[in-house]
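Report on one structure; see the data block that follows.
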Amino acid sequence: MDAMTPTELPVAIVGAGPVGLAAAAHLVQRGIAPLILEQGASVGAALLEWGHVRVFSPWRYNIDAAARALLERSEWTAPDPDRLPTGGEIVRDYLAPLATRPEIAPHLKLGATVMAITRQGHDKASSEGRDGAPFVIRYERQGRVHRVLARAVIDASGTWSRPNPIGIDGLPVEGEREAAGLIAYGIPDVAGAERDSYAGKRVLVIGGGHSAINVALALMELQADTPGTEIHWALRRSGVERLLGGGLNDQLPERGALGLAARQAMQDGRLAMLTSFAAERIEPAAGGVVVHATLAGAPARLEFDRIVVATGFRPDLSFLSELRVALDPVVEAPPALAPLIDPNLHSCGTVPPHGIEELRHPEPGFTIVGAKSYGRAPTFLMATGYEQVRSVVAGLAGDHAAARAVHLVLPETGVCNTPSPPQTNACCGDGDAKVDGCCGGPAPTEADSCCLQDAFAKAEGRSGCGCGSAASETAAAGVRRADAFA
């Protein structure tokens, strides 16, 4: 392969998740050979780790256009476009069939862990002739170290393998590693495959995003069957307003429903909220752990059987040390993209459309896409990843006009919306149903509802109670029930 000219070399893709395979499909569509290196034993390996979780948007928004075109050449049956799939179903019904296509399968290497990427004959400090040198990817597979050349590299490896630790300072707290057997990160299947580990237990959930909401609600399902299950939900901030605001005032109905359900659970006393929580150390206890923490500045000693850490993820940059990668010092995203997604600057999912221009690094031919392109910023949309790779591949193919064209318009919530029919069923004048002026009390701030019950109904896809005339909205972008991924 060393004798091949740069244009004959493949474009290497790190990661075979939705965005990585979409990149491969776009390369094939452009007549460019991909080389896909996936660390897991199957495509979509990260999705399978949260395969029990249902995403927020229907199938119609979760399939990349170039990937669909490849699949439609086969006997593939497209899923119901209006159905909400789980992570496992996305792999089974979309990624796995895509990986078997003859345009993709010969170029896919599973169980391939990328160890390092560099330029042939150049370390990071070497400049002369650098831009014309091919990339060298060193990876391990089946116990052997391999070396391959590529004309360009698209890093779509995601962030799922690097969950944030418990420490509020970004570091593991004392005793966290030693207690690893009793700590889960991300979204464990607490009501399903891992039920026995959580049923009847005293569980601490740490985190303030949709991953944490998912875990808390799943634990409540378990609690309904096993009343002895105790749920304690720890937030690092001083109150629950931001958490509930994000959940309740969300233009993704399925995602907004999470916040509604969480609020109701708090009102019912089914879970205990721990605010201004900062863990300091963890010690072993009989069958569980003791967490020493501060709550609102006061010391606390708390005992739990299990801990679920849902505090987001961070990118793995270890194998990029010999490349010239430019990252924002705060969110670890490309400098042009960082101000658009920095959670310190944005309270909602507002992200302008972006592509190759915002994703550029000082290393020509190298791009980070997908959730990893967002660095430590949360809530990455799958549809955004598809647009990223469309733009990047167009640039690699020399189609600079297409690379710079905007094909995705996201409104302020970071999703596309279409109106649904207005509500018609009246209820607010029904005596006992009326509380605090309307059905169940006032609607959450900025919710497109006249009262709490109207908001609940709309979040569940029903017509609402009819006391208001505003139409509900339906999401049109692929995003999972978690903070970041793809």
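The values are calculated or read from the model by the stated rules, or taken from the named source; none is laboratory data. Please read all numbers here as calculations on a predicted model, not as lab measurements. All Cβ positions, even for glycine, are placed from backbone atoms using ideal geometry, and neighbour counts span all protein chains on display. To get the accessible areas, we keep the full protein, side chains included, count just its heavy atoms, and leave off ligands, DNA and RNA. Shrake-Rupley method; radii C 1.70, N 1.55, O 1.52, S 1.80 Å.
Within segment 107-128, which residues are more than 18 Å from G15 (Cβ to Cβ) and not acidic (D, E)? Within segment 107-128, T118, R119, Q120, G121, H122, K124, A125, S126, S127 meet the criteria. Taken together, E176, E128 contain a single residue that is part of a loop (DSSP other than H, G, I, E, B) and crowded, with 16+ Cβ neighbours inside 10 Å, which is E176. Taken over segment 301-334, the criterion of being of a type in the set (G, A, S) and open to solvent by less than 40 Å² (accessible area, probe 1.4 Å) is satisfied by A310, G312, A326, A333.
Residue by residue through segment 152-164, note down the ones that are buried (at least 20 other Cβ atoms within 10 Å of the Cβ) and either out of contact with any Leu (no Cβ under 6 Å at 6 or more places or on another chain) or among the basic types (K, R) (or both). Within segment 152-164, V153, I154, D155, A156, S157, G158, T159, W160, N164 meet the criteria.
With respect to the conditions (1) in contact with a helix residue (DSSP H, G or I) (Cβ under 6 Å, 6 or more places away or on another chain); (2) at pLDDT below 90, D268 falls short on a single one, namely (1). Just checking, how many residues over segment 1-49 are modelled with pLDDT of 95 or more, farther than 23 Å from P188 by Cβ and not in a loop (DSSP other than H, G, I, E, B)? Residues that pass the stated criteria total 19. If the condition is being open to solvent by 20 Å² or more (accessible area, probe 1.4 Å) and assigned to a strand (DSSP E or B), then segment 200-229 contributes only R202. Tell me, yes or no, whether segment 341-363 has at least one residue that is open to solvent by less than 10 Å² (accessible area, probe 1.4 Å), at pLDDT 95 or above and under 25 Å from A24 (Cβ atoms). Looking through segment 341-363, at least one residue is open to solvent by less than 10 Å² (accessible area, probe 1.4 Å), at pLDDT 95 or above and under 25 Å from A24 (Cβ atoms). Considering D64, D82, D93, the condition of being modelled with pLDDT of 95 or more and over 18 Å from the mean Cα position of the chain (by Cα) is satisfied by D93 alone.
Taking the conditions (1) free of Cβ contacts under 8 Å to residues at least 40 places away in the same chain; (2) part of a loop (DSSP other than H, G, I, E, B) in turn, P339 satisfies each one other than (2). When segment 80-122 is examined, which residues are found to be open to solvent by 40 Å² or more (accessible area, probe 1.4 Å), touching a strand residue (DSSP E or B) at 6+ places or on another chain (Cβ under 7 Å) and not hydrophobic (A, V, I, L, M, F, W, C)? Scanning segment 80-122 gives H107, K109, T113, Q120.
Within segment 367-407, the set of residues being β-branched (V, I, T), open to solvent by less than 20 Å² (accessible area, probe 1.4 Å) and more than 14 Å from T159 (Cβ to Cβ) comprises T367, T384, V389, V392, V393. All of R147, R138 fail the test of being exposed (fewer than 14 other Cβ atoms within 10 Å of the Cβ), assigned to a strand (DSSP E or B) and at pLDDT 95 or above, apart from R147. Give all pairs with beta carbons closer than 7 Å in which a residue from segment 363-382 that is in contact (Cβ under 8 Å) with a residue 24 or more places away in the chain meets a residue that is of a type in the set (S, T, Y); count only pairs at least 6 apart in sequence or on separate chains. Once the first residue is in contact (Cβ under 8 Å) with a residue 24 or more places away in the chain and sits in segment 363-382, its partners that are of a type in the set (S, T, Y) give A371/T159; K372/S157; K372/T159; F380/Y374.
Checking the stated criteria, S321 turns out not to satisfy the condition of being modelled with pLDDT of 95 or more, in contact with a helix residue (DSSP H, G or I) (Cβ under 8 Å, 6 or more places away or on another chain) and among the small types (G, A, S). Taking segment 271-288 as the range and being farther than 17 Å from G207 by Cβ and either surrounded by 20 or more Cβ atoms within 10 Å (Cβ to Cβ) or touching a strand residue (DSSP E or B) at 6+ places or on another chain (Cβ under 7 Å) (or both) as the test, the residues that pass are E280, R281, E283, A285, G288.
Within the option set R237, R263, R242, being in a loop (DSSP other than H, G, I, E, B), at negative phi and modelled with pLDDT under 90 holds for one residue only, R237.
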